[in-house]
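Scroll down for the structure; my scribbles are underneath it.
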Amino acid sequence: GMVLQEPAGAPSPSTAAGGVADATAEVQLSRLRWAVLLLFSSYSLCNAFQWIQYGSINNIFGHFYGVSAFAIDWLSMSYMLIYIPLLFPVAWLLDKRGLRLIALAGSALNAMGAWVKLGSLKPHLFPVTVLGQVICALAQVFILGMPSRIASVWFGSHEVSTACSIAVFGNQLGIAAGFLVPPVLIPNVVDVEKLAYHISIMFFMTAGVASALFILVIIVFKEKPPNPPSRAQALIQSRPTAEYSYMQSILRLLRNANFLLLMVTYGLNVGCFYALSTLLNRMVIHHFPGEEVNAGRIGLTIILSGMVGALISGIWLDKTKTYKQTTLVVYIMSLVGMIVYTFTLSLDRLWVVFVTAGSLGFFMTGYLPLGFEFAAELTYPESEGTSSGLLNVSAQIFGIAFTIGQGQIMDHFGTKAGNLLLCSFLFLGTVMTAFIKADLRRQQANLENEQT
C-alpha cells in the first residue's frame, strides 16, 4: 500500500536479466515522497534562518560584539564564500553515495553550528559566533544542490517542477523567518547583559529545532523510492554505474553553451537577491532610523511574495513546459521591480517600500526554482546535483561581489547608487537570457519513452 500508479500510461512491470531494472521498469509513486520533501524543506529552512539572522539586525549585533557593519556582513557572506570551493567534493559525494548521506551530513552540521553559537553570548566571543556560522555554512553546501535532485528521484514527471519549488520554498521560508524573528526577539537596547539574554533565547530555540530535525532525518529520510517515479528516472537508474564519470559530467556541462548562459544569468539574478537581503537592514535604517522591526518585515514581505511566485512558476512549468519564455518574463519583471524599488526607497513612505519590495520579491525569488528546473532540462541526463551546484557557485560568486560592491557604494555614494549597480547587472542578465535556446532534453526523453 506504499505506492500509487503514475497516471500517464506507465509501461507494464518488467525487469532486465540479472534483476537490474531497465528503462521499462514499473513506474510508481511512493507516498513517502511528501514526507522526504517536507523534512528536507524543514532543515533547509533552519539553515537559511541561520544565514540571515545576523544581517537582519546588523546594527544590534554590531553593537553587541563591538564590530563594524562590514564584519557582520561577512557572517552572511561566509555562506557564499565556503560554498564555492566545497561544491565539487559534495556534488561528487551526492553522486557516489546518494541522497541519504548528504541529508544526514547537512542536518548534522546545521545542528552543530547552532550549538556552537550558544558559546558566543559574551561581547568578546565574536570569533566563536564566526566558528558557529562557518559550520552552518558548511551545512549549506550539503543543502543547496538538493531540490532538483530530490524532485527527480522521488517525484513523477507531472509534479517534478512543483516538488522542486516546494523544496526551494523551505530555504526561502527560513530567510523569511530570519528577517521576522530576530528583530522581534532582540530589541535594540544599550545594556549588553539584556542583549545577551535576548540573543540566548534565539540561539537556544534554533539549536533545539535543528537537533530535532537531525533526529527526524535519521529516522525518516530514505535514499530513493522502491520504484522509479518517472520514465526519465528509470532510464538513469538503468544506466550502468561504470558508464558515469563525475569529471566528464562537469566537462560536458561546461561545454553546453545554453547551460553556460543560464549559469551566468542565474548568478546575476540570485547574486542581486543575496546582496539585497544582506544589506536590507542597512538600507532601511538609513532612510527610516529606528525601524529595525519594519526592516525585518520588509525582508519578510520580499520572501513571502517570492514564495508565492516560486509556487506559481513551478505549477505553471508543470502545466505548460514553457521554460525559456517563463524564465525570460520573470527576469524582465525582476529588473522592472528592482528599478521601481530603487527610485521609491527615498520617498520616505514606508508603505510604498513594502509594496515595491513585495513586487520585486515575487519575481526575483520566484526565479530560483525556474533556474534549477531549466538547468535540469538543458543538461539531462547529467546529475541535477551537479547542474544546480554549478548554478549556486555562480550565485555565490556574484553574491559576494555584489554585497561588497554595493556596500562600498552605499557607504560613499548612498543607497540609490548601490541599487542602480544591481539594476545594471539585472539588465545584462535579461539580455543574456534572451539568447538561451530551449533545448528541453528531459521532456524529449519522457516523450520518446511514452511513444516506445
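Please report, to one decimal in angstroms, the Kirkwood hydrodynamic radius of the stretch 331-452 built from all distinct Cα-Cα pairs.
After inverting the pairwise mean of 1/r, the radius is 16.6 Å.
Under the 0.36 nm per residue contour assumption, what length would be gained going from the current alpha-carbon distance of Phe435 and Val189 to full extension?
83.4 nm
Take peptides 51-57, 79-85, 67-73 and line them up by average Cβ neighbours within 10 Å, highest first, as a rough protection proxy.
Most protected by this proxy first, the peptides run 51-57, 79-85, 67-73.
Pairs of lysine in the chain with Cα under 22 Å and at least 8 positions apart or on different chains: total?
Step by step, the pairs that qualify in the chain add up to 7.
Any idea how far the Cα center of the stretch 253-323 sits from the one of the stretch 175-226, in Å?
The stretch 253-323 and the stretch 175-226 have Cα centres spaced 22 Å from each other.
Under a point spin-label approximation (7 Å from Cα along Cα-to-Cβ), what is the Gln325-Phe204 distance to one decimal in nm?
If labels sit at Gln325 and Phe204, their model points lie 5.6 nm apart.
Taking Rh as the Kirkwood radius, which is the inverse of the mean 1/r over Cα pairs, what is the Rg/Rh value for the stretch 43-179?
My calculation puts Rg/Rh at 1.02.
So what is log10(I(q)/I(0)) for the stretch 245-451 at q = 0.14 1/Å, when the Debye sum runs over its Cα atoms only?
-0.80
When all protein chains stay in place, what accessible area (Å², nearest 10, 1.4 Å probe) is found for Ile332?
Its accessible surface works out to 70 Å², give or take rounding.
Could you give the distance between the Cα centres of the stretch 346-361 and the stretch 370-410, to the whole Å?
Between the Cα centres of the stretch 346-361 and the stretch 370-410 lies a distance of 27 Å.
Please report the equivalent ellipsoid semi-axes of the chain, computed as sqrt(5 x eigenvalue) of the Cα gyration tensor, largest first, in whole Å.
They are 38, 25, 18 Å, listed largest first.
Membrane-span-like helices in the chain: DSSP H runs reaching 20 Å or more (Cα, own axis), mean Kyte hydropathy at least 0.5?
Flagged H segments are 32-52, 69-97, 99-117, 126-141, 160-185, 192-220, 257-287, 292-320, 323-344, 350-364, 415-433.
Pull out the extension gain between Val340 and Ala401, defined as 0.36 nm times the separation in residues minus the alpha carbon to alpha carbon distance; nm, one decimal.
19.7 nm
The values are calculated or read from the model by the stated rules, or taken from the named source; none is laboratory data. Note that the structure is a prediction, hence the values are computed from the model and not measured. For neighbour counting, all protein chains shown are included, and Cβ atoms are generated from backbone atoms with ideal geometry for every residue, glycine included. With ligands, DNA and RNA removed, areas are computed over all heavy atoms of the protein, side chains included. Shrake-Rupley method; radii C 1.70, N 1.55, O 1.52, S 1.80 Å.
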